[in-house]
Each structure stands twice: as structure tokens, then as C-alpha cells.
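Pasting a structure here, questions to come.
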Amino acid sequence: QVQLVESGGGLVQVGESLLLSCTASQNIDSIKSMAWYRQAPEKDRELVAALAPGSNPYYLDSVKGRFTISRDNARNTLYLQMNSLLPEDTATYYCKGYGEYGSALGSWGRGTQVTVSS
């Protein structure tokens, strides 16, 4: 079972940037789609961005124009470039992979904490 480890979070001020990474324990060529989720305290986990073959990336409306999702199969890594960060972006960020039939692969990891101060 593939393990995904998130990193790159931190404490930043409004308007600053972070690059989140999600590194897999094995080759990710077989992972058809990948996505970033986030969960703020006392809120549901929400889909932030997703990358699927043959289509444009999906972004939550509130992050469009600010976040960019990408993957580097050679490095077994999924990225989320986050620019112009806002306090409402504060959350724990998680990555997820999906197989050929849309099934989720593995389980949720620890995530990486992003805190944006106002």
C-alpha cells in the first residue's frame, strides 16, 4: 500500500507563499489522479485541488488563481504551490491518490500544517 507523506507547511503571514510536497513511498506512475485536501479545526475536510489525466486541474473556487497543483512522477511527488495566502487558508493539508477506477489509495497521512497569520 502506497504511503504519502506531506511536507512544506509552516507559519506565514498574509500574502506570502508556501510550496507543499506530497512524496510517495513508491513509484506514482500507477496513481491516475491526485488531489490536495485541507481541514481546518472543527470543519470538514474539503477538496482544494485535483489533478487528473486528460483534463485541466480542478481548484476550489476560493483558491483559484492563487494555488497551483502539479506532479513530478520522476520524483514520486505531488506539489501544491500556494501564493497570496490568506488567513482562511489555515488548515492541515493532506494529499490523496486515486487508482484507475477512482478508488482512493491508502489512508490519510498526518498532513502538513499551514498557518496564515492576519
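Could you please find all residues in segment 38-65 being under 17 Å from Leu20 (Cβ atoms), among the polar types (S, T, N, Q) and free of Cβ contacts under 8 Å to residues at least 60 places away in the same chain?
Of everything in segment 38-65, just one residue is under 17 Å from Leu20 (Cβ atoms), among the polar types (S, T, N, Q) and free of Cβ contacts under 8 Å to residues at least 60 places away in the same chain, namely Ser62.
Name the single residue, out of those in segment 27-48 being among the small types (Gly, Ala, Ser) and open to solvent by 10 Å² or more (accessible area, probe 1.4 Å), that is modelled with the lowest pLDDT.
Ser30
Just the residues that are of a type in the set (S, T, N, Q), under 17 Å from Leu18 (Cα atoms) and open to solvent by 30 Å² or more (accessible area, probe 1.4 Å), please, taken from segment 66-77.
Let us first name the residues in segment 66-77 that are of a type in the set (S, T, N, Q), namely 68, 70, 73, 76-77.
Of the ones still in play, those that are also under 17 Å from Leu18 (Cα atoms) are 68, 70, 77.
Selection gives Thr68, Ser70.
Output the strands (runs of 3 or more DSSP E) that fall wholly within the chain and possess 3 or more residues being hydrophobic (A, V, I, L, M, F, W, C), or say none.
Values: elements: 4-7, 10-13, 18-24, 33-39, 46-51, 67-72, 77-82, 91-98, 112-117.
Result: 18-24, 33-39, 46-51, 77-82.
What is the one condition in (1) modelled with pLDDT of 95 or more; (2) among the polar types (S, T, N, Q); (3) within 16 Å of Thr112 (Cβ to Cβ) that Gln13 does not satisfy?
All conditions are met except number (3).
For segment 78-98, how many residues meet the condition of being touching a Lys or Arg at 6+ places or on another chain (Cβ under 9 Å), over 9 Å from Ala35 (Cα atoms) and open to solvent by less than 10 Å² (accessible area, probe 1.4 Å)?
5
The values are calculated or read from the model by the stated rules, or taken from the named source; none is laboratory data. For clarity, every value in this text was computed on a predicted model and none was experimentally measured. All Cβ positions, even for glycine, are placed from backbone atoms using ideal geometry, and neighbour counts span all protein chains on display. Areas reflect the complete protein model, heavy atoms only, side chains present, ligands, DNA and RNA absent. Shrake-Rupley method; radii C 1.70, N 1.55, O 1.52, S 1.80 Å.
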